[in-house]
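Derivation of every value follows stated rules applied to the coordinates shown; laboratory data play no part. Quantities reported herein were computed from a predicted structural model and do not represent experimental measurements. Using ideal geometry, Cβ is built from the backbone for each residue, glycine included, and neighbour counts are taken over all protein chains shown.
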Amino acid sequence: MTVAVGRVTLEHPVVNGSGTLDALAAEAAGLHVAAELAAVVTKTVTPLPRAGNPPPRIAETPAGMLNSIGLANPGIDAFRSTVLPRMRALGRPLVVSIGGFAPNQYASLAAALRDEDGIVALELNVSCPNVESGCLSIGSDPNETRSVTARCAEAAGDLPVWVKLSPNVADVGVMARAAEEGGADALVAVNTLRGAAFDRASGAPLLGGPGGGLSGPAVRPVALSAVAACRAATSLPIVGSGGVGSGQDALAFLDAGASAVAVGTAAFREPLLARRVREELAGLLAAGAGRPSRAESRARSAQPSTAA
Ligand SMILES: Cc1cc2nc3c(=O)[nH]c(=O)nc-3n(C[C@H](O)[C@H](O)[C@H](O)COP(=O)(O)O)c2cc1C
């Protein structure tokens with residue numbers, strides 16, 4: 001089950017989606033979720049503390065949920081002094097998600113984290129749909145994406161840089177290529193799909209923030225399509241994210257061209273979902289051993305024939 005995501009070797013292909021797991025709170029509640037993950041991905045951390053958006057921050061939809069958390073986090077200084085040491089103590093490889101509102105903020109976060117122990121990669125969140133500015137506006141522009149990635153790759157030293165892409169763009173392949181040109185080690189595809197909900201009686205928005213992000217089973221086909229587009233556009237390894245709720249779902253992402261998957265919304269119902277996904281995936285891969293994935297088949301058919 002070991003997989004390589006660029007320079008990072010994971011014990012198996014299942015990690016968590018940024019912002020969907022408080023691994024420390026889970027541990028305190030006796031749920032050893034971190035142990036089930038090949039790497040623990042942190043909530044996105046920003047330069048300054050953020051309280052996040054006004055409530056309500058969550059609304060259910062028939063096949064998923066909308067969130068408008070607004071990147072609530074303690075800021076990089078408190079993250080380094082209080083959160084990171086406790087996360088390190090979980091004993092799992094850490095991927096730290098960083099986000100900002102201008103390119104220099106990403107680079108300064110990367111520089112602040114480059115020498116911290118226990119971190120195996122940085123994940124650039126250039127795809128959050130529920131903050132006023134920055135973030136997704138960077139990830140919607142190939143020049144900004146290329147430049148932010150390049151600045152972070154330089155500032156991060158030897159730390160690999162993953163770029164988390166948004167489905168809210170005309171062509172995710174263009175952003176994937178920009179990230180690759182900027183020196184990304186891997187892509188994470190995708191963040192939430194922009195969404196909204198309104199109260200039927202009052203007509204008022206159901207979410208308190210400036211926008212919402214749709215996640216869960218509803219976004220899985222969108223995420224699969226984005227992974228396939230990234231696979232076609234680049235040779236970077238991809239972590240698939242969007243509606244993973246079973247080993248079968250994970251296999252669909254591998255077939256689309258991903259090397260690993262992130263579990264998010266579905267784990268709210270089943271906190272130890274990562275274990276089931278890993279076990280089901282292992283069973284499916286063993287049963288279909290030798291079956292070339294669609295991605296492999298495509299790569300093979302793209303190679304020039306050496307037959308006489
Ligand atoms: C409540 C919530 C908070 C999230 N916070 C973040 C975040 O801080 N940074 C980030 O990159 N993605 C964030 N995401 C996006 C998830 O990591 C994931 O990419 C997305 O939800 C799709 O996967 P899923 O359908 O399995 O949840 C968040 C998603 C949810 C539902």
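Couple of notes before you dig in:
- Under-5 Å amide H pairs with residue 191, H placed in peptide plane, nonlocal only: 165, 166
- Residues 32, 12, ranked from the fewest to the most other C-beta atoms within 10 Å, line up as 32, 12.
- One way to sum up the overall shape of region 32-190 is the equivalent ellipsoid from its Cα gyration tensor, whose semi-axes run 22, 21, 15 Å, largest first.
- Unit charges at the beta carbon, dipole of the chain: most positive-side option, 264, 218, 20: 218
- Relative contact order computed over region 148-278 (Cα-Cα under 8 Å; 6+ residues apart), in percent: 21
- The charge dipole of the chain, taken about its Cα centre with unit charges on the Cβ atoms of Lys, Arg (+1), Asp and Glu (-1) only, comes to about 360 debye.
- Here is what passes the span test in the chain: the DSSP H helices with alpha carbon length of 18 Å or more along the helix axis and a Kyte-Doolittle mean of -1.0 or above are 142-155, 220-233, 273-287.
- When both bridge partners sit in region 9-127, DSSP labels roughly 40% of those beta bridges antiparallel.
- Computed from the C-beta positions of residue 77 and residue 25, the FRET efficiency with R₀ = 22 Å rounds to 0.55.
- For the chain, a Gaussian network of Cα nodes joined below 10 Å ranks 59, 260, 107 by mean-square fluctuation, and the top entry is 59.
- Remark: region 29-43, residue by residue, has Karplus-estimated 3J(HN,Hα) of 8, x, 9, 8, 5, 4, 5, 8, 9, 5, 8, 9, 9, 7, 4 Hz, where x stands for each Gly or Pro and the curve is 6.51 cos²θ - 1.76 cosθ + 1.60 at θ = phi - 60°.
- Between 30, 139, 208, the residue with the greatest mean-square fluctuation in the GNM of the chain (Cα pairs under 10 Å linked by springs) is 30.
- Sum of side-chain charges, residue 10 neighbourhood, beta-carbon under 12 Å (Lys, Arg +1; Asp, Glu -1): +2
- If you model region 226-266 as an ellipsoid using its alpha carbon gyration tensor, with each semi-axis the square root of five times an eigenvalue, the axes come out at 18, 9, 8 Å, biggest first.
- Test item: Cα-centred dipole of region 20-136, Lys/Arg +1 and Asp/Glu -1 on Cβ, debye: 100
- Straightening the chain between residue 154 and residue 137 buys 4.0 nm, computed as 0.36 nm per residue apart minus the Cα-Cα spacing.
- Calculated on the alpha-carbon coordinates, the convex hull of region 71-124 measures out at 77 cubic angstrom per residue.
- Each Cα pair under 8 Å and six or more residues apart adds its separation to the average, and for region 84-169 the resulting relative contact order is 33 percent.
- Under the Debye formula (equal points on every Cα, no solvent term), log10 I(q)/I(0) of the chain at q = 0.07, 0.09, 0.13, 0.16 Å⁻¹: -0.25, -0.41, -0.87, -1.36
- Average Cα contact separation per residue, the chain, under 8 Å, 6 or more apart, as relative contact order %: 19
- Per-selection Kirkwood Rh - region 159-234 (Cα, Å, 1 d.p.): 13.8
- Net charge over other residues, Cβ less than 12 angstrom from the Cβ of residue 268 (K, R count +1; D, E count -1): -2
- Cα centre as origin, Lys/Arg/Asp/Glu Cβ charges: region 171-239 dipole, Debye: 260
- Principal axis dimensions, largest first and in whole angstrom, of region 3-60 by Cα: 40, 29, 25
- Distances between placed amide hydrogens fall under 5 Å for residue 19 paired with 43, 44, all partners being 5 or more residues away or on another chain.
- Semi-axis lengths (Å, descending) of the ellipsoid that matches the C-alpha gyration tensor of region 174-275: 28, 18, 11
- The value obtained for region 52-102, namely the Cα convex hull volume divided by the number of residues, is 137 Å³ per residue.
- For region 145-253, applying the loop criterion from DSSP together with a ceiling of 16 other beta carbons within 10 Å to the trypsin sites (Lys or Arg not before Pro) yields 200.
- Neighbour net charge for residue 47 - beta-carbon separation under 13 angstrom, K R +1, D E -1: +1
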